[in-house]
Each structure stands twice: as C-alpha cells, then as structure tokens.
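Everything below concerns the one structure shown next.
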Amino acid sequence: MDKEGDLKAVMDRDPAVRDRRDAAWFSQGYHAIRFYRRSHALWMKGRHRRARFLNYVGRVLTGADIHPGATIGEDVFIDHATGVVIGETAIIGDHVCIFQGVTLGGVSSEKGKRHPTIGENVVIGANATVLGDISIGSNTRIGAGSVVVKDVPPNSTVVGIPGKVIKQGGVRLDQALKHDDLPDPVKEALQEMTAEIDRLRKRLEALERGQK
C-alpha cells in the first residue's frame, strides 16, 4: 500500500490529528507502518539483514516492533504505536485498528506459523495480547487488556483474561472501539447468580408459608 493510503488511515481514525502535515510529521503509528512497508519489501526480496536493520530503526524511533516478515493489509491504523509488537508470521487483514501496547505474539519457538491471523475490520484495544497461531474473525472487537489464546468467530466481542467471547451475531463491528462500552462477563455472571438466589429465596418463603 502506498503512503497516501496509510496516511488516509490516520486522517480517518485519529481525532487528534489536525491536518495531513500534522499526521505525516508526528503520527508514530503512521511512521511505524511506513517503516514496516519498506522493511517488508526488502524481506520479500530476500534482503533479510537490511530488512531487520530497518525494522530495528523503526522500533527505536516509533516504539513499535513490527517484524518485516509479518503480512499487513491495507487501511491499517496503529494508534500511538508505543509498545506494539507484531510477530513474524502474523497476518493482519484490511481496515484493522490497533491501539498502543498490543502484542500479536507466539507461544512456541518452533519454525512455521506461530502468530495470530487477524481478519478484516477488527479493533484491538490497548494492551490486549493475542497469542499463538489462532484466528480472529472479521468484525471483531477485542477489549483493552484482554488476553486471547483461542480462535474467535466473526462478529464477536472479546473481554477479560483469558478472553471470553460474547457473540454479536450478524452485526458489523467496523466502528471504533469504545473502551467504556464493553460487556463485563463477571458482572453479568454475578447478576445472574443474584437473580437466581432471589428466585430461590422467594420459593423457600412460599414453601414455609404453606407449611404453617
């Protein structure tokens, strides 16, 4: 993807950007993607040492460590870039948003596919971790701080440690992630338990009245 497309991704998604010059000069996420694009092109030509050197320079300057062997689609936006780690065999589809501190990592030292595959229109919240050769379905949201170690079906929301999937069947989730508007599975479980206890208490009271 050319730099204009990468720049447009920043302009479309970062409300802090004032104009194109501001985005081009000061968006670390944009710079991280551009370093990746150049290093990836070298990697694909077999110039691995130069690709790794450019990757190293990009990490020092932007705070994002994106391996040149990773595959990243079009219209991908990385917010802030600081702390983002994307492994060698990771695959990221089009129109993906990645917030600061995200790790797309491996769980094995063996060669071969060992990093996640991310579908299209996926949003990965700040400090979320996705580990192993797993697939994250398109139109999925991963909440901030979540740890995902299993496949996630499309149109889902994932929260918690380990990540719990809450399906959003049939709903297209390509909008920006609202970190303050995510399901809380622990809260929902407690609410269900409280309701069940209340039903049992009322039933017990009715039985006790019937015995008098």
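Bear in mind these aren't lab numbers, they're just calculated from the coordinates by the rules spelled out. Quantities reported herein were computed from a predicted structural model and do not represent experimental measurements. All Cβ positions, even for glycine, are placed from backbone atoms using ideal geometry, and neighbour counts span all protein chains on display.
In this label model, Leu207 and Ala41 are separated by 7.5 nm, measuring between points 7 Å along each Cα→Cβ vector. When Thr89, Thr71 are arranged by Cβ crowding within 10 Å, least crowded first, meaning fewest neighbours, the order is Thr71, Thr89. Mean silhouette area of the range 1-125, derived from the convex hull of its C-alpha atoms and averaged over all directions, reads 7.2 nm². Pairs exceeding a 24 Å alpha-carbon distance, out of Lys8/Lys164; Lys3/Lys45; Lys3/Lys150; Lys111/Lys150; Lys113/Lys150: Lys8/Lys164; Lys3/Lys150.
Shape class for the chain: prolate, because the ratio a/c of the largest to smallest gyration tensor axis (alpha-carbon atoms, square roots of eigenvalues) is 1.5 or more and a/b beats b/c. Dipole of the chain computed with +1 at Lys/Arg Cβ and -1 at Asp/Glu Cβ about the Cα centre; of Phe53, Ile136, His31, farthest Cα towards the positive end is Phe53. With contacts taken as Cα pairs under 8 Å at a separation of at least 6 residues, the range 8-117 carries a relative contact order of 20 percent. What does the charge count near Ile197 come to, summing +1 for each Lys or Arg and -1 for each Asp or Glu among other residues with Cβ under 13 Å from its Cβ? Counting the neighbours of Ile197, the net charge comes to 0.
Under a model in which nothing but the beta-carbon of Lys, Arg (+1) and Asp, Glu (-1) is charged, the range 1-81 shows a dipole of about 600 debye around its Cα centre.
In plain terms, the residue of Tyr56, Tyr36 with the fewest other Cβ atoms within 10 Å comes first and the most crowded comes last, giving Tyr56, Tyr36.
Could you tell me which of rounded, prolate or oblate describes the range 88-139, using a ≥ b ≥ c as the square roots of the eigenvalues of the alpha-carbon gyration tensor, with rounded for a/c under 1.5 and, failing that, prolate when a/b is larger than b/c and oblate otherwise? Here the range 88-139 falls in the oblate category. Counted by neighbouring Cβ atoms within 10 Å, the residues Leu104, Leu61, Leu200 run from fewest to most as Leu200, Leu61, Leu104.
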